Amino acid sequence: MAKKTPEVNATSTADIAFLLLVFFLATTTMNVDSGMFRRLPPYQPDNTEAPKIAKRNILQILVNKDNLLSVNGEILDVTRLKKEALDFILNPANDENLPEKSVKEIEGLGNVEVSKGVISLQSDKGTSYEMYIAVQDQLAAAFNEARDRKSVSKWGKKYNDLNSDQQEAIKKWVPMSISEAEPKNIGGKKK
């Protein structure tokens with residue numbers, strides 16, 4: 001007589017799998033990309049004329065489809081962008097070729113000189129994502145270092161170590177003035 005193999009009762013397997021799925025969905029955290037924080041300018045009707053800005057107050061940054069970086073018409077390596085942007089933002093020697101400064105009263109700081117400089121960034125539609133992010137990182141690093149320098153000169157602490165009121169004052173002293181134009185298809189498609 002042939003022996004029958006015993007069957008395994010698998011009726012609760014589906015219940016166990018469902019409970020495990022619910023457990024992992026409930027306990028797993030998802031990393032959310034934070035993105036880049038930029039404050040958009042207020043809406044302007046199409047017939048509004050753009051404000052006139054003196055040439056010395058604009059740092060023009062262009063990135064083409066071949067990922068070449070041009071700063072005020074000079075080809076530059078992306079690793080040097082932070083230094084160029086920092087010199088532009090701070091203008092420590094009040095160079096007449098760098099942005100003008102205007103005296104503003106800022107709560108917590110008193111009367112301070114604030115740069116009128118604006119960084120104008122435009123990329124080509126063929127610019128790689130990596131190059132675009134590298135440029136953004138260099139500009140953010142320049143503004144962070146400028147804010148650190150100002151906060152150390154005023155309170156002897158880096159920007160991140162300041163309280164929220166002091167940080168707001170430094171943000172007004174070193175405003176992040178980046179104008180980002182819509183990408184253009186200047187160089188054609190990237191090969």
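The values are calculated or read from the model by the stated rules, or taken from the named source; none is laboratory data. None of the values given here were measured: they were computed from a predicted structure. In this analysis, Cβ positions are derived from the backbone assuming ideal geometry, glycine residues included, and neighbour counts consider all displayed protein chains. Heavy atoms of the whole protein, side chains included, go into the accessibility calculation; ligands, DNA and RNA do not. Shrake-Rupley method; radii C 1.70, N 1.55, O 1.52, S 1.80 Å.
Quick rundown of the values:
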{"quantity": "Among (1) buried (at least 16 other Cβ atoms within 10 Å of the Cβ); (2) without any contact (Cβ under 8 Å) to a residue 60 or more places away in the chain; (3) among the acidic types (Asp, Glu), the one test that residue 145 misses", "calculated": "(2)"}
{"quantity": "Residue under evaluation residue 143, criteria (1) modelled with pLDDT under 90; (2) touching a strand residue (DSSP E or B) at 6+ places or on another chain (Cβ under 9 Å), criterion not met", "calculated": "(1)"}
{"quantity": "Some residue of region 129-141 being in contact (Cβ under 8 Å) with a residue 40 or more places away in the chain, aromatic (Phe, Trp, Tyr) and either open to solvent by 30 Å² or more (accessible area, probe 1.4 Å) or not in a helix (DSSP H, G or I) (or both)", "calculated": "yes"}
{"quantity": "Count - residues of region 81-103 that are surrounded by fewer than 13 Cβ atoms within 10 Å (Cβ to Cβ) and of a type outside the set (A, V, I, L, M)", "calculated": "6"}
{"quantity": "Test: residue in region 114-122 that is at positive phi and either open to solvent by 20 Å² or more (accessible area, probe 1.4 Å) or without any contact (Cβ under 8 Å) to a residue 24 or more places away in the chain (or both)", "calculated": "no"}
{"quantity": "Qualifying positions in region 161-191 - modelled with pLDDT of 90 or more, part of a loop (DSSP other than H, G, I, E, B) and open to solvent by 60 Å² or more (accessible area, probe 1.4 Å)", "calculated": "163"}
{"quantity": "Count - residues of region 1-38 that are of a type in the set (D, E, K, R) and modelled with pLDDT of 75 or more", "calculated": "4"}
{"quantity": "Residue within region 151-160 that is assigned to a helix (DSSP H, G or I), among the hydrophobic types (A, V, I, L, M, F, W, C) and under 18 Å from residue 172 (Cβ atoms) present", "calculated": "yes"}
{"quantity": "Flag if residue 67 is surrounded by 13 or more Cβ atoms within 10 Å (Cβ to Cβ) and within 15 Å of residue 179 (Cβ to Cβ)", "calculated": "no"}
{"quantity": "Tabulated pairs, region 59-72, first free of Cβ contacts under 8 Å to residues at least 60 places away in the same chain, second open to solvent by 60 Å² or more (accessible area, probe 1.4 Å) and not in a strand (DSSP E or B), C-beta under 9 angstrom, 6+ apart or interchain", "calculated": "71/80; 71/84; 72/84"}
{"quantity": "Every residue from region 70-80 that is in a strand (DSSP E or B) and open to solvent by 40 Å² or more (accessible area, probe 1.4 Å)", "calculated": "74, 75"}
